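Notes follow the structure.
The values are calculated or read from the model by the stated rules, or taken from the named source; none is laboratory data. Here the structure is a predicted model, which means the values were calculated and not measured. As a convention, Cβ positions derive from the backbone with ideal geometry for all residues, glycine included, and neighbour counts pool all protein chains shown. Accessible surface is based on the protein model in full, side chains and every heavy atom, while ligands, DNA and RNA are left aside. Shrake-Rupley method; radii C 1.70, N 1.55, O 1.52, S 1.80 Å.
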Amino acid sequence: MAKIGINIVTGSLQQAELIVGIDLGTTNSLVAIIHPDTKKPIALKEHDSSSLVPSIVHFDSYGNASVGEVAKQYLETEPQNTIFSAKRLMGKSYNDVKKNANFFTYKVIDDNTESLVKVQVGNQFFSPIELSSFILKELKQRAEHIMKTPVTKAVITVPAYFNDAQRQATRDAGKLAGLDVLRIVNEPTAASLAYGLGLRADEEKTIAVYDLGGGTFDVSILRITNGIFEVLSTNGDTYLGGDDFDRLIIQYWLQQNGLSEEVLHNNKQLSQTIRLIAEDAKKQLSNLSITNYELPITNDDVRFSLHDSLLAKFNFQLSTADFNKLIQPLIDRTITSCSDALKDAGLTTADVDTIVMVGGSTRVPAVKNAVSNFFGKPVNDTVNPDEVVALGAAVQADILAGNNKDFLLLDITPLSLGLETMGGLMDVLIPRNSKIPTKVGRQYTTYVDGQGSMRISVFQGERDMVKDNRKLAEFNLTGIPGMPAGLPKVEVNFLINADGILVVTAKELRSGVQQSIEVKPQYGLSDDQVEKMLMDSITHAKDDIQTRALVEARTEGEQLLGVTEKFLTKNAGLITQEEMIVTAQAMQALQLALTMEDKNLIQAKTEELNEVTRPFAERAMDAAINTAMKGQNILGN
Ligand code: ADP
Ligand code: MG
């Protein structure tokens, strides 16, 4: 592959185009740009409000979505319609999240499947991608409103530990919001860029990025050489953050006032108010000059909400000393993670040159002190910790826009490369703008019992349906031994070598059968054509994502029908007449829904059939386990 000038790759032939940087956070999100005059990154905000947009989506009774501060007000009072932490669900199946199912106060569809998780609000079903797209749309609008120009291109950040599926989901969310996602950047990398780290080619440094947000904690050890960031290790706790500080404060106050947690369970409005007061107290105490918090009675909102409740005489006091005592065990846990991260990277604290603080919760002085003590040097905290990631994303965006002339002329893939999966969908393995050489692997399986071969069709392009992309190659992996559907494990690897040649290899792991093919992805493709393909993908983003959702819902529905049919013939003995009738009805309803173009209907009917069959699926499982145990006994005797 030839060296490709970055502005051609991004499809941005006009000069001085605005590309925004977006931190799509678990708790808060925000958008930043490089200021056209000062050339410094700034976070965008309306007037004197905050740059932070709470990552919360609320749906009213008509199904209309609102995002941010407005939505946050419904967190406790309308938990079923108020979706927070959608980022935790990105690229996940229900199996991945069921361990923490209690965390979500809204309905996460618990079909016991491997497919991507969905959220139900009223009679609508949303993928985490759609939910995130609402937040991104809000940020896009904010940027357009402030900058008075259309915004169609963005760099979006993700945690360093995000896997392929989570990164792809984030890209899709951007696309659905009408944004061309030029690059997905690791949050710790973005934070480092905001501090100007890695911008000099001759710089070699080891950086520790400590990120304590609202609900998550992570620490990353990065190594920069020649302007390239490498993640040496990551560690952390995905359920530890500032929200836990707030909870500890609430518990403390209840205790101080001789009240039990029941009080809050029974009064959601009160619970919401106290939660906000606790967070306010915590923030006040981060201000070094304040050592004692007392509820400011000048705050009309608070006084109003507390007015005739039993907590009117509630004592809201908290000293820095008590607060520090409360959170010390949590801080200790983060330090253990830092130590583990260093160990995994094969380093000691002395090897770390720079420590970067990220996340609103690092404003807590006790947190800063603990981190600085552990590493034995002062930390970098001069850039606003809840903006630093977005600011760094803006720096990266500026580089991609080609404004930073002496920076980066990279070998990258100008278009995404992927495979055709069920229903004609494009499954991207190597996203566009990936640096080469690169290698990505993913596992697939069969859909039909005894399926002896699998067609591997390789496509290039940004559209969701392969028919709209460019076909590069196709071959059949044959000789897969007869197995029930879903059992074979076919690993497909995409490798682009330094010359830009793509080698696609498919291997069935149980039997070892293997086949591969070589293609030159850019062969016969002009820059104009690349640009047209990119533009098309943005124009059709909304239709594409809807089609994808429909195809996915259909595939899932069809699979469930197949499985249920098979189950009924095998286990007829375990099912009562009545259950048989209900199941047949649910199957019919699903079959009918599958003939229509309504994704929500298909999902609802799939969910219904799942509910109906769950009890006897469980019974069959028990029966199977019983038989197995009996078998064991016989052997054991
Ligand atoms: P995320 O990365 O999870 O989206 P943020 O980096 O925005 O989260 O951090 C949000 C958390 O930071 C919240 O728990 C909030 O209460 C906390 N926070 C914000 N400002 C302060 C402050 N001044 N002192 C202490 N905690 C703060
Ligand atoms: Mg964050």
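Only one of (1) open to solvent by less than 50 Å² (accessible area, probe 1.4 Å); (2) without any contact (Cβ under 8 Å) to a residue 12 or more places away in the chain; (3) not hydrophobic (A, V, I, L, M, F, W, C) is not met by K118, so which one is it?
(2) is the only condition that K118 fails.
Mind listing whichever residues of segment 184-214 are in contact with a Ser or Thr (Cβ under 9 Å, 6 or more places away or on another chain) and of a type in the set (D, E, K, R)?
E187, E203, E204, K205, D211, listed by residue number.
For residues in segment 17-27 being near ligand 1 (Cβ under 7 Å from one of its atoms) and surrounded by fewer than 24 Cβ atoms within 10 Å (Cβ to Cβ), which is farthest from E69 (Cα to Cα)?
Among those that are near ligand 1 (Cβ under 7 Å from one of its atoms) and surrounded by fewer than 24 Cβ atoms within 10 Å (Cβ to Cβ), it is T26.
Go through segment 76-91 residue by residue and tally those that are open to solvent by 20 Å² or more (accessible area, probe 1.4 Å) and within 13 Å of ligand 1 (Cβ to nearest atom).
Residues in segment 76-91 being open to solvent by 20 Å² or more (accessible area, probe 1.4 Å) and within 13 Å of ligand 1 (Cβ to nearest atom): 3 in total.
Determine whether segment 507-519 contains at least one residue that is of a type outside the set (A, V, I, L, M, F, W, C), farther than 28 Å from Q559 by Cα and either out of contact with any Cys (no Cβ under 6 Å at 6 or more places or on another chain) or open to solvent by 30 Å² or more (accessible area, probe 1.4 Å) (or both).
Within segment 507-519, one or more residues are of a type outside the set (A, V, I, L, M, F, W, C), farther than 28 Å from Q559 by Cα and either out of contact with any Cys (no Cβ under 6 Å at 6 or more places or on another chain) or open to solvent by 30 Å² or more (accessible area, probe 1.4 Å) (or both).
So if I check each of R363, R333, which one is modelled with pLDDT of 95 or more, over 27 Å from L30 (Cα atoms) and within 26 Å of the chain's Cα centre (by Cα)? I'd like the intermediate steps shown before the answer.
On the way: R363 fails: over 27 Å from L30 (Cα atoms).
The match here is R333.
Of the residues in segment 57-78, how many are within 21 Å of the chain's Cα centre (by Cα) and in contact (Cβ under 8 Å) with a residue 40 or more places away in the chain?
6
Check whether at least one residue in segment 518-533 is touching a strand residue (DSSP E or B) at 6+ places or on another chain (Cβ under 6 Å) and of a type outside the set (A, V, I, L, M, F, W, C), and report yes or no.
For segment 518-533, residues touching a strand residue (DSSP E or B) at 6+ places or on another chain (Cβ under 6 Å) and of a type outside the set (A, V, I, L, M, F, W, C): present.
Out of F162, F217, I need the residue that is open to solvent by less than 10 Å² (accessible area, probe 1.4 Å) and within 16 Å of ligand 2 (Cβ to nearest atom). Which one?
Checking each option against the conditions leaves just F217.
Of the residues L182, L193, only one is farther than 16 Å from D381 by Cα and either more than 13 Å from ligand 2 (Cβ to nearest atom) or in contact (Cβ under 8 Å) with a residue 60 or more places away in the chain (or both); which?
Only one candidate qualifies: L182.
Take T595 and decide whether it is exposed (fewer than 14 other Cβ atoms within 10 Å of the Cβ), over 26 Å from Q443 (Cβ atoms) and within 28 Å of the chain's Cα centre (by Cα).
Numbers: exposed (fewer than 14 other Cβ atoms within 10 Å of the Cβ): yes; over 26 Å from Q443 (Cβ atoms): yes; within 28 Å of the chain's Cα centre (by Cα): no.
Here the answer is no, as T595 does not meet what is asked.
I'd like to check which helices (runs of 4 or more DSSP H) are fully inside segment 58-150 and have at least 1 residues that are modelled with pLDDT of 90 or more.
69-72, 128-147
The rows are residues; the columns are (1) open to solvent by less than 30 Å² (accessible area, probe 1.4 Å); (2) under 28 Å from L534 (Cβ atoms); (3) assigned to a strand (DSSP E or B).
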{"site": "Q443", "(1), (2), (3)": "no, no, yes"}
{"site": "G450", "(1), (2), (3)": "no, no, no"}
{"site": "V458", "(1), (2), (3)": "yes, yes, yes"}
{"site": "R463", "(1), (2), (3)": "no, yes, no"}
{"site": "G479", "(1), (2), (3)": "no, no, no"}
{"site": "P484", "(1), (2), (3)": "no, no, no"}
{"site": "L487", "(1), (2), (3)": "no, no, no"}
{"site": "E491", "(1), (2), (3)": "no, no, yes"}
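Within segment 262-279, how many residues are part of a helix (DSSP H, G or I) and farther than 16 Å from R247 by Cβ?
The number of residues fulfilling the criteria is 1.
Could you tell me which residue of segment 352-379 is nearest to ligand 1 (Cβ to nearest atom), considering only residues that are polar (S, T, N, Q) and surrounded by 22 or more Cβ atoms within 10 Å (Cβ to Cβ)?
Per the stated criteria, the residue is S361.
Test T576 against the criterion of being assigned by TED's automatic domain parsing to the domain that holds D598, β-branched (V, I, T) and open to solvent by 50 Å² or more (accessible area, probe 1.4 Å), and give yes or no. Working first, answer last.
Values: assigned by TED's automatic domain parsing to the domain that holds D598: yes; β-branched (V, I, T): yes; open to solvent by 50 Å² or more (accessible area, probe 1.4 Å): yes.
Considered against the rule, which asks whether it is assigned by TED's automatic domain parsing to the domain that holds D598, β-branched (V, I, T) and open to solvent by 50 Å² or more (accessible area, probe 1.4 Å), T576 comes out as yes.
Does K313 meet the test of being under 26 Å from Y293 (Cα atoms) and basic (K, R)?
yes
Restricted to segment 165-202, and to residues that are open to solvent by 20 Å² or more (accessible area, probe 1.4 Å) and among the hydrophobic types (A, V, I, L, M, F, W, C), which residue is nearest to ligand 1 (Cβ to nearest atom)?
A194
Return the total of residues in segment 207-248 being within 12 Å of ligand 1 (Cβ to nearest atom) and free of Cβ contacts under 8 Å to residues at least 40 places away in the same chain.
Final tally of qualifying residues: 2.
Condition first: of a type in the set (S, T, Y), in contact (Cβ under 8 Å) with a residue 40 or more places away in the chain and more than 16 Å from ligand 2 (Cβ to nearest atom). Now tell me which residues in segment 354-381 satisfy that.
T354
Could you tell me whether G11 is outside the structural domain of A390 (by TED's automatic domain parsing), crowded, with 20+ Cβ neighbours inside 10 Å and at pLDDT below 90?
In short, yes.
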